[in-house]
Amino acid sequence: MKGMIEKRSFLPRGILLLAGLFVLAVLGLGILRVGPPPEIRIRPAFQMIGKRTPVTVEVTEPKRGLSYVKVDFVQGDRVESLAEKSYSYPPALAFWGSRTAHDTIVVQIGRETIVGLKAGQATIRVTAERIGTWLRHPNPTRHEVSLPVRLSPPSLQVISTQIYVAQGGCEAVVYRVGESSIRDGVRVGSWWFPGYPLPGGGKGEHFAFFAIPYDVNTPDARLVAADAAENEAELKIVDQFFPRKFKEDAVDLSDAFMSKVVPEIMAQTPELQDRGNLLDNYLEINTNLRQRNAEALKELAKKSRQEFLWSRPFLSLRNGKVMAGFADYRTYAYKGTVVDHATHLGYDLAVTRHAPVPAANDGVVVQATYLGIYGNSVVIDHGYGVMSLYGHLSLIGVTPGQKVARGDIIGQTGETGLAGGDHLHFAVILDGLPVNPVEWWDGHWISDRI
């Protein structure tokens, strides 16, 4: 009996002891438990500060979380706060609740965002604090990155004289650019025409082909040079501009024509969605597919070689009769109602059925396939962003990667794609922009401009 009484009295004492130890452990964690020092990463978009440099700051403390983060800009004695954040967190004894273990802060540093920024050096300083306890308040963690501050754009000087350009036409500019430039060329609205080192030129001498788009009648062509910090120098370069009024055509759509072209194009372009009737399918092709084909030609322009592959004027289709000109503006009507508009960005040339088509100049075939509205097509790269396109072919006689010489037969005329009859659609394309082929056929223009 006595042993049983002693055993019963021992059990409560053991439970109380364990409970006490548990409470002490919890109190100890609440008083002493802190996480590791926060990990800080500072990632500037450029390795210098200039016009505007985005800087991404990542701060991580996965155990207990963050309590405070501050991003400062430091230059000499000047300290300027760029970002400051405090984070909420549960009490020390609460082992649950929302905490912030990771945060990303993006700040913009440069002369556009910091008044009085000076050339030289500057520092991005990040201070991060983790969650503390009643008795433990860990020291903040700091991390810094120093970057050079460059506020002057690259030097830029035009060498060319008498830069004359027509609407829809091309021109070349020769210029000298400073060593700090990493990107230079000509900007015309949303179009960018890259510059290249001038073959045989002196130090820093570059050139660029550029064009005034057919739909721009008040051009703002600027020669641009930018450094790694996005400091830009720019110069207006056009001495004289010749606006043009392009032809306007009215096109009556017939069921017979649409029945001829629509099924073929849809069969060759399986990603096209059937709109349920002939007219809507035609409008889908003439509008949306036309735009997608234009974007594909822009992408193709990125493959152009950085070398001159040609040296003589471009050839036209021999004895070709002009059926449509460059930048003709077409209004489409169906049963007396206007249903669409489009611009014809090339020359339609007809001779005889299945006439041989010569390569307009020396180059390399970059595409030889069916291309939407152009049907069976060949695209030849002539270097430095200049390409020629041959559409509506009945036969393709070349393959991608094949070198061709001026006058080589690359196919035969036809009526594939959006073609009502046998002809060649010929286009010259500069960095993805269709331009007036007449200039490139003209030996005098080639000599004067290029």
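The values are calculated or read from the model by the stated rules, or taken from the named source; none is laboratory data. The structure presented is a predicted model; accordingly, all values stated were derived computationally and were not measured. Because the Cβ atoms are built from the backbone with ideal geometry, glycine has one as well, and the counts that use them run over all protein chains shown. The protein model used for the area step is the full one, side chains on, heavy atoms only, and it has no ligands, DNA or RNA in it. Shrake-Rupley method; radii C 1.70, N 1.55, O 1.52, S 1.80 Å.
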Requested in this report: Would you compute, from DSSP H runs of 4+ residues alone, the mean residue ellipticity of the chain at 222 nm, taking -39500 (n - 2.57) per run and dividing by the full residue count, rounded to the nearest 500?
Outcome: -5500 deg cm²/dmol
Query raised in the report: Taking residue 303 as the anchor, which lysines have their alpha carbon closer than 23 Å to its alpha carbon, excluding any fewer than eight residues away along the same chain?
Result: 403
Report summary line: Taking only Cα atoms of segment 158-303, the Rg to Rh ratio with Kirkwood Rh works out at 1.14
Requested in this report: Treating each Cα of the chain as an identical point scatterer and ignoring solvent, apply the Debye formula and state log10 I(q)/I(0) at q = 0.06, 0.12, 0.13 Å⁻¹.
Outcome: -0.47, -1.01, -1.09
**Report entry** Label-point gap, in nm, between residue 215 and residue 137 - each point 7 angstrom along Cα→Cβ
**Finding:** 6.4 nm
Query raised in the report: For labels at residue 159 and residue 146 in the simple 7 Å Cα→Cβ model, what's the distance in nm?
Result: 3.9 nm
**Report entry** With at most 10 neighbouring Cβ atoms within 10 Å, loop trypsin sites (Lys or Arg not before Pro) (DSSP) excluded, longest segment of the chain
**Finding:** 1-202
Query raised in the report: What FRET efficiency do you get for residue 352 and residue 102 if R0 is 56 Å and r is their Cβ-Cβ distance, rounded to the nearest 0.05?
Result: 0.20
Requested in this report: Calculate, in nm to one decimal, what residue 402 and residue 56 gain on full extension: separation in residues at 0.36 nm each, minus their alpha carbon distance.
Outcome: 120.0 nm
Report summary line: Taking a straight Cα-to-Cα line shorter than 16 Å from residue 236, and setting aside same-chain lysines fewer than 8 residues away, one finds none
**Report entry** Shape call, segment 181-230: gyration tensor on alpha carbons, a/c limit 1.5
**Finding:** oblate
Query raised in the report: Roughly to the nearest percent, how much of the accessible area of segment 291-450 is carbon and sulfur, given a 1.4 Å probe?
Result: 49 percent
Query - Charge dipole of the chain about the Cα centre (unit charges at C-beta), most positive-ward option of 57, 175, 186 - result: 57
Requested in this report: For residue 323, enumerate residues with amide H under 5 Å from its amide H, sequence gap 5+ or separate chain, H modeled in the peptide plane.
Outcome: 348, 349, 350
Query raised in the report: For the chain, what is the accessible area per residue in Å², given a 1.4 Å probe and the full set of protein chains?
Result: 50 Å²
Query raised in the report: What percent antiparallel are the DSSP beta bridges of the chain, to the nearest 5?
Result: 90 percent
Report task. Would you pull out the residues with amide H under 5 Å of residue 339's amide H, same chain only if 5 or more places away, H placed 1.01 Å from N? Result -> 332, 333, 334
**Report entry** Extension reserve of the residue 45-residue 409 stretch, reckoned as 0.36 nm per residue once the Cα distance is removed
**Finding:** 126.1 nm
Query raised in the report: Long-range amide H contacts for residue 410: which residues qualify at under 5 Å (H placed 1.01 Å from N, peptide plane, sequence gap of 5 or more or a different chain)?
Result: 357, 359
Requested in this report: Based solely on C-alpha atoms, express the radius of gyration and the Dmax of segment 255-379 in angstrom.
Outcome: 16.7, 51
